[in-house]
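Below is one structure, written out as C-alpha coordinates; the observations come after it.
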Amino acid sequence: MKTSLKLTLAFFLVLFFSTCKKDCCQDPTNPECENYDPCYGKTRINSNFRVRPGDRGFKPPEDWCDLIPCDTFSETSVRFDIPLNNPNNSTYEWQIGNEPEPRKTNKGFEVDFSDYLKADNWRKHLSVTLTIKTPLNSCMTQADDTLIQVTRNLYFEPFGYSLIKRNESFASFKGYFTNEPNKSVTLTLIQQMIGNFRGVEAPFALTIGLKSVDTLLHPVTHLVEMCQNYKNSKIKILFPEQNTPKLSFYFSYIENYFINENKIRLIYEFKKPTGFERYEFIGDRI
(Lines give C-alpha, C1' and ligand atoms only; values in the text may rest on other atoms or scores of the structure.)
Protein backbone atom coordinates (compact mmCIF):
# COMPACT_ATOMS: atom_id res chain seq x y z
CA MET A 1 0.00 0.00 0.00
CA LYS A 2 2.77 2.44 0.93
CA THR A 3 4.67 1.62 -2.28
CA SER A 4 1.55 2.23 -4.35
CA LEU A 5 0.96 5.55 -2.58
CA LYS A 6 4.54 6.66 -3.21
CA LEU A 7 4.31 5.77 -6.90
CA THR A 8 1.04 7.67 -7.25
CA LEU A 9 2.50 10.74 -5.54
CA ALA A 10 5.61 10.60 -7.72
CA PHE A 11 3.43 10.32 -10.85
CA PHE A 12 1.45 13.42 -9.92
CA LEU A 13 4.60 15.38 -9.08
CA VAL A 14 6.14 14.52 -12.47
CA LEU A 15 2.86 15.38 -14.21
CA PHE A 16 2.60 18.69 -12.29
CA PHE A 17 6.13 19.84 -13.06
CA SER A 18 5.89 18.74 -16.70
CA THR A 19 2.68 20.72 -17.10
CA CYS A 20 4.10 23.71 -15.25
CA LYS A 21 7.21 23.70 -17.43
CA LYS A 22 4.96 24.02 -20.45
CA ASP A 23 2.29 26.33 -19.05
CA CYS A 24 4.18 28.39 -16.46
CA CYS A 25 7.40 29.20 -18.31
CA GLN A 26 6.83 32.50 -20.11
CA ASP A 27 10.32 33.85 -20.56
CA PRO A 28 11.06 34.61 -24.25
CA THR A 29 14.82 34.72 -23.49
CA ASN A 30 14.85 31.19 -22.01
CA PRO A 31 15.39 28.44 -24.63
CA GLU A 32 13.49 25.97 -22.42
CA CYS A 33 10.28 28.02 -22.52
CA GLU A 34 7.54 27.42 -25.05
CA ASN A 35 7.47 31.10 -26.06
CA TYR A 36 11.27 31.33 -26.55
CA ASP A 37 12.20 33.87 -29.20
CA PRO A 38 15.90 33.86 -30.23
CA CYS A 39 15.43 37.39 -31.64
CA TYR A 40 13.73 38.81 -28.56
CA GLY A 41 15.27 42.25 -27.90
CA LYS A 42 17.65 41.84 -30.85
CA THR A 43 15.63 43.31 -33.71
CA ARG A 44 16.48 46.93 -32.94
CA ILE A 45 19.72 48.74 -32.22
CA ASN A 46 20.02 50.68 -28.98
CA SER A 47 21.20 54.18 -29.92
CA ASN A 48 21.17 55.66 -26.40
CA PHE A 49 24.88 56.25 -25.86
CA ARG A 50 26.02 57.07 -22.34
CA VAL A 51 27.70 60.26 -21.11
CA ARG A 52 28.89 61.23 -17.65
CA PRO A 53 31.52 63.46 -16.04
CA GLY A 54 35.06 62.29 -16.81
CA ASP A 55 37.28 60.45 -14.32
CA ARG A 56 40.41 62.59 -14.94
CA GLY A 57 42.69 59.64 -14.29
CA PHE A 58 41.00 58.60 -11.05
CA LYS A 59 39.30 55.27 -10.43
CA PRO A 60 35.95 55.17 -12.29
CA PRO A 61 32.70 54.84 -10.29
CA GLU A 62 31.67 51.40 -9.10
CA ASP A 63 28.50 49.65 -10.26
CA TRP A 64 26.60 51.06 -7.27
CA CYS A 65 26.91 54.54 -8.77
CA ASP A 66 24.30 54.30 -11.53
CA LEU A 67 23.52 57.98 -12.02
CA ILE A 68 20.31 59.31 -13.53
CA PRO A 69 21.26 60.32 -17.11
CA CYS A 70 21.86 64.02 -17.77
CA ASP A 71 23.25 65.86 -20.82
CA THR A 72 24.13 69.05 -18.88
CA PHE A 73 27.65 69.35 -17.48
CA SER A 74 29.32 71.75 -15.08
CA GLU A 75 32.61 69.84 -15.46
CA THR A 76 35.08 70.27 -18.32
CA SER A 77 35.73 66.57 -18.90
CA VAL A 78 33.13 64.16 -20.35
CA ARG A 79 33.19 60.37 -20.60
CA PHE A 80 31.49 58.71 -23.60
CA ASP A 81 30.42 55.03 -23.65
CA ILE A 82 28.66 52.96 -26.32
CA PRO A 83 25.01 51.90 -25.88
CA LEU A 84 24.32 48.68 -24.05
CA ASN A 85 23.11 45.30 -25.40
CA ASN A 86 23.97 45.77 -29.07
CA PRO A 87 25.59 43.01 -31.19
CA ASN A 88 29.31 42.57 -30.60
CA ASN A 89 30.09 43.27 -34.24
CA SER A 90 28.41 46.68 -34.29
CA THR A 91 30.81 49.55 -34.99
CA TYR A 92 30.60 53.13 -33.73
CA GLU A 93 31.63 56.47 -35.22
CA TRP A 94 31.49 59.61 -33.07
CA GLN A 95 31.33 63.14 -34.46
CA ILE A 96 31.88 65.54 -31.56
CA GLY A 97 31.19 69.16 -32.39
CA ASN A 98 33.38 70.43 -35.21
CA GLU A 99 36.25 67.99 -34.73
CA PRO A 100 37.93 67.52 -38.14
CA GLU A 101 37.73 63.72 -38.01
CA PRO A 102 35.14 61.44 -36.39
CA ARG A 103 36.33 59.09 -33.67
CA LYS A 104 35.98 55.42 -34.60
CA THR A 105 36.03 53.29 -31.47
CA ASN A 106 33.90 50.70 -29.69
CA LYS A 107 35.56 51.50 -26.38
CA GLY A 108 34.67 54.26 -23.95
CA PHE A 109 36.75 57.40 -24.09
CA GLU A 110 37.09 60.73 -22.30
CA VAL A 111 37.27 64.21 -23.83
CA ASP A 112 38.70 67.29 -22.09
CA PHE A 113 36.72 70.33 -23.22
CA SER A 114 38.78 72.87 -21.26
CA ASP A 115 40.09 74.72 -24.32
CA TYR A 116 36.67 74.66 -25.97
CA LEU A 117 35.04 76.16 -22.88
CA LYS A 118 37.74 78.78 -22.42
CA ALA A 119 36.80 80.08 -25.87
CA ASP A 120 33.55 81.50 -24.47
CA ASN A 121 31.50 78.34 -24.95
CA TRP A 122 29.92 78.00 -21.51
CA ARG A 123 26.12 78.01 -21.62
CA LYS A 124 26.15 76.75 -25.19
CA HIS A 125 25.17 73.47 -26.81
CA LEU A 126 27.61 71.05 -28.40
CA SER A 127 26.24 68.44 -30.81
CA VAL A 128 27.42 64.83 -30.60
CA THR A 129 26.39 62.48 -33.42
CA LEU A 130 26.84 58.73 -33.11
CA THR A 131 26.61 56.49 -36.18
CA ILE A 132 26.12 52.78 -35.50
CA LYS A 133 26.70 50.19 -38.23
CA THR A 134 25.66 46.55 -37.78
CA PRO A 135 25.99 43.74 -40.34
CA LEU A 136 22.79 41.98 -41.42
CA ASN A 137 21.97 38.92 -39.34
CA SER A 138 19.15 36.45 -38.76
CA CYS A 139 17.33 38.87 -36.45
CA MET A 140 17.99 42.04 -38.43
CA THR A 141 17.26 41.46 -42.11
CA GLN A 142 16.39 44.99 -43.22
CA ALA A 143 19.24 47.26 -44.28
CA ASP A 144 17.52 50.30 -42.76
CA ASP A 145 17.81 48.66 -39.32
CA THR A 146 21.57 48.23 -39.55
CA LEU A 147 22.57 51.87 -40.03
CA ILE A 148 21.47 54.09 -37.16
CA GLN A 149 22.42 57.70 -36.48
CA VAL A 150 21.51 59.72 -33.42
CA THR A 151 22.42 63.27 -32.35
CA ARG A 152 22.33 64.68 -28.84
CA ASN A 153 23.25 68.16 -27.64
CA LEU A 154 25.46 68.50 -24.58
CA TYR A 155 25.10 71.71 -22.61
CA PHE A 156 27.82 73.25 -20.45
CA GLU A 157 26.76 75.27 -17.41
CA PRO A 158 29.54 76.65 -15.18
CA PHE A 159 27.57 76.26 -11.94
CA GLY A 160 25.74 73.03 -11.18
CA TYR A 161 22.72 72.59 -8.96
CA SER A 162 23.49 72.71 -5.26
CA LEU A 163 21.45 71.93 -2.15
CA ILE A 164 22.92 75.00 -0.48
CA LYS A 165 23.34 77.81 -2.97
CA ARG A 166 26.50 79.84 -3.38
CA ASN A 167 27.07 82.50 -0.72
CA GLU A 168 24.50 80.83 1.58
CA SER A 169 25.09 78.69 4.65
CA PHE A 170 21.78 76.80 4.85
CA ALA A 171 18.72 75.76 2.87
CA SER A 172 15.26 74.52 3.87
CA PHE A 173 12.92 72.23 1.94
CA LYS A 174 9.27 71.54 2.65
CA GLY A 175 7.87 68.21 1.56
CA TYR A 176 7.24 64.65 2.76
CA PHE A 177 8.80 61.27 3.37
CA THR A 178 7.64 58.77 0.78
CA ASN A 179 6.33 56.31 3.37
CA GLU A 180 4.12 59.09 4.84
CA PRO A 181 3.12 61.19 1.80
CA ASN A 182 0.30 62.99 3.62
CA LYS A 183 2.49 64.27 6.46
CA SER A 184 4.23 67.59 5.74
CA VAL A 185 7.78 67.99 7.07
CA THR A 186 10.63 70.48 6.69
CA LEU A 187 14.28 69.54 6.28
CA THR A 188 17.01 72.11 6.89
CA LEU A 189 20.55 71.57 5.67
CA ILE A 190 23.36 73.61 7.20
CA GLN A 191 26.93 74.04 5.98
CA GLN A 192 29.07 75.42 8.81
CA MET A 193 32.59 76.61 8.07
CA ILE A 194 33.53 77.98 11.51
CA GLY A 195 32.67 77.10 15.10
CA ASN A 196 31.78 73.68 16.48
CA PHE A 197 28.82 71.39 17.09
CA ARG A 198 28.78 69.42 20.35
CA GLY A 199 32.55 69.33 20.40
CA VAL A 200 33.05 68.71 16.66
CA GLU A 201 35.04 71.45 14.95
CA ALA A 202 33.95 72.94 11.62
CA PRO A 203 33.77 72.52 8.71
CA PHE A 204 30.82 70.14 8.83
CA ALA A 205 27.28 69.72 7.52
CA LEU A 206 24.04 69.11 9.43
CA THR A 207 20.57 67.91 8.48
CA ILE A 208 17.72 68.91 10.81
CA GLY A 209 14.29 67.29 10.66
CA LEU A 210 14.96 63.69 9.63
CA LYS A 211 12.69 60.97 10.93
CA SER A 212 13.98 59.53 14.23
CA VAL A 213 16.98 61.88 14.02
CA ASP A 214 16.76 65.36 15.52
CA THR A 215 20.04 66.78 14.20
CA LEU A 216 22.24 64.65 11.95
CA LEU A 217 25.95 65.40 11.77
CA HIS A 218 27.26 64.36 8.36
CA PRO A 219 30.33 62.21 9.08
CA VAL A 220 33.53 64.21 9.41
CA THR A 221 35.67 61.92 7.27
CA HIS A 222 37.33 61.80 3.87
CA LEU A 223 36.86 58.02 3.62
CA VAL A 224 34.02 58.21 1.11
CA GLU A 225 33.24 57.21 -2.44
CA MET A 226 31.41 59.82 -4.48
CA CYS A 227 30.07 60.22 -7.99
CA GLN A 228 27.90 62.92 -9.45
CA ASN A 229 26.58 64.66 -12.50
CA TYR A 230 24.66 67.90 -12.95
CA LYS A 231 21.42 66.64 -11.37
CA ASN A 232 22.35 63.57 -9.35
CA SER A 233 25.00 62.80 -6.73
CA LYS A 234 25.71 59.79 -4.53
CA ILE A 235 28.06 59.57 -1.56
CA LYS A 236 28.88 56.30 0.20
CA ILE A 237 30.64 56.33 3.57
CA LEU A 238 33.31 53.63 3.43
CA PHE A 239 33.65 53.24 7.20
CA PRO A 240 31.21 54.16 9.98
CA GLU A 241 32.13 57.29 11.92
CA GLN A 242 34.06 56.02 14.92
CA ASN A 243 34.42 59.24 16.91
CA THR A 244 30.88 60.60 16.75
CA PRO A 245 28.43 57.68 16.26
CA LYS A 246 25.84 59.31 18.51
CA LEU A 247 25.87 62.44 16.33
CA SER A 248 26.09 60.77 12.92
CA PHE A 249 23.73 57.89 13.88
CA TYR A 250 25.83 55.46 11.80
CA PHE A 251 25.08 57.45 8.65
CA SER A 252 26.27 55.39 5.63
CA TYR A 253 24.90 56.89 2.38
CA ILE A 254 23.25 59.97 0.93
CA GLU A 255 21.85 60.63 -2.53
CA ASN A 256 20.30 63.75 -3.96
CA TYR A 257 18.49 64.20 -7.24
CA PHE A 258 17.34 67.58 -8.51
CA ILE A 259 13.93 67.20 -10.12
CA ASN A 260 14.42 70.86 -10.98
CA GLU A 261 16.53 73.63 -9.48
CA ASN A 262 14.31 73.98 -6.41
CA LYS A 263 12.67 70.55 -6.10
CA ILE A 264 14.74 67.70 -4.70
CA ARG A 265 14.69 64.03 -3.84
CA LEU A 266 16.95 63.02 -0.95
CA ILE A 267 17.81 59.53 0.28
CA TYR A 268 19.53 58.88 3.61
CA GLU A 269 20.71 55.44 4.72
CA PHE A 270 21.98 54.29 8.13
CA LYS A 271 23.69 51.05 9.12
CA LYS A 272 22.90 51.02 12.83
CA PRO A 273 23.75 48.17 15.21
CA THR A 274 19.98 47.70 15.52
CA GLY A 275 19.51 47.35 11.77
CA PHE A 276 19.36 49.13 8.43
CA GLU A 277 17.26 52.30 8.02
CA ARG A 278 16.41 54.26 4.87
CA TYR A 279 14.53 57.54 4.47
CA GLU A 280 13.45 59.09 1.17
CA PHE A 281 12.33 62.72 1.11
CA ILE A 282 10.80 64.81 -1.71
CA GLY A 283 10.43 68.54 -1.20
CA ASP A 284 10.58 72.09 -2.53
CA ARG A 285 12.99 74.84 -1.53
CA ILE A 286 11.41 77.43 0.76
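The values are calculated or read from the model by the stated rules, or taken from the named source; none is laboratory data. The structure displayed is predicted, hence computed values, not measured ones. When we count neighbours, we look across all protein chains shown, and the Cβ atoms used for this are built from the backbone with ideal geometry, even at glycine. These area figures cover heavy atoms from the full protein model, side chains too; ligands, DNA and RNA do not enter into them. Shrake-Rupley method; radii C 1.70, N 1.55, O 1.52, S 1.80 Å.
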Exercise for review: May I ask you to give the average projected area over all directions of the convex hull of the Cα atoms of segment 90-138, in nm² rounded to one decimal?
Suggested key: 4.5
Check your understanding: Under unit Cβ charges (Lys, Arg +1; Asp, Glu -1), what dipole magnitude, rounded to 20 debye, does the chain have relative to its Cα centre?
Key -> 640
Revision key, fill the gap. Of the accessible area of the chain, computed with a 1.4 Å probe and all protein chains kept, carbon and sulfur make up a percent value of 53
Study note, to complete from the structure: Heads up, segment 59-112 by the C-alpha gyration tensor (a ≥ b ≥ c square roots of eigenvalues; a/c under 1.5 rounded, else a/b over b/c prolate, else oblate) looks oblate
Study note, to complete from the structure: Between [x] 1.15; [y] 1.11; [z] 1.09, the structure-derived Rg/Rh (Cα atoms, Kirkwood Rh) is [y]
Review point. With every protein chain left in place, what is the accessible area of Thr186 in Å² (1.4 Å probe, nearest 10)?
Key: 60
Point to revise | Distance cut-off 20 Å, percentage of C-alpha pairs in segment 48-140 lying past it | key: 44
Revision key, fill the gap. With the 1.4 Å probe rolled over protein heavy atoms, segment 143-246 has an accessible area per residue in Å² of 60
Study note, to complete from the structure: Using a 1.4 Å probe on heavy atoms of the protein chains only, the accessible area for Phe80 in Å², nearest 10, reads 0
Review point. Under a 1.4 angstrom probe, counting protein chains only, how are Lys272, Lys165 ranked by accessible area, largest first?
Key: Lys165, Lys272
Study note, to complete from the structure: So for R0 = 35 Å, FRET eff. of Met193-Tyr155 from the Cβ-Cβ r, to 0.05, ends up at 0.65
**Study point:** Excluding exposed DSSP-loop GluC sites (Glu not before Pro) (at most 13 other C-beta within 10 Å), longest clean stretch of the chain
**Key:** 63-167
Practice item. Report the dimensions of segment 66-217 along its three principal axes from the alpha-carbon atoms, largest first, rounded to Å. Key: 66, 43, 25
**Study point:** Full-extension gain in nm, Asp37 to Leu84, via 0.36 nm per residue minus C-alpha separation
**Key:** 14.9 nm
**Study point:** Arg103, Arg166, Arg56, reordered so the largest accessible area comes first (probe 1.4 Å)
**Key:** Arg166, Arg56, Arg103
Practice item. Using only Cα positions of segment 145-225, each an equal point scatterer, no hydration layer, compute I(q)/I(0) via Debye at q = 0.22, 0.25, 0.27 Å⁻¹ and quote the log10 values to two decimals. Key: -1.15, -1.25, -1.31
Practice item. Go ahead and estimate [θ] at 222 nm for the chain from helices alone: -39,500 (n - 2.57) per DSSP H run with n ≥ 4, summed, over the residue count, rounded to 500. Key: -3000 deg cm²/dmol
Check your understanding: Accessible surface of Trp94 in the full protein assembly, 1.4 angstrom probe, to the nearest 10 Å²?
Key -> 0
**Study point:** Accessible area in the full protein assembly, largest first, 1.4 Å probe, for Ser212, Ser169, Ser252
**Key:** Ser212, Ser169, Ser252
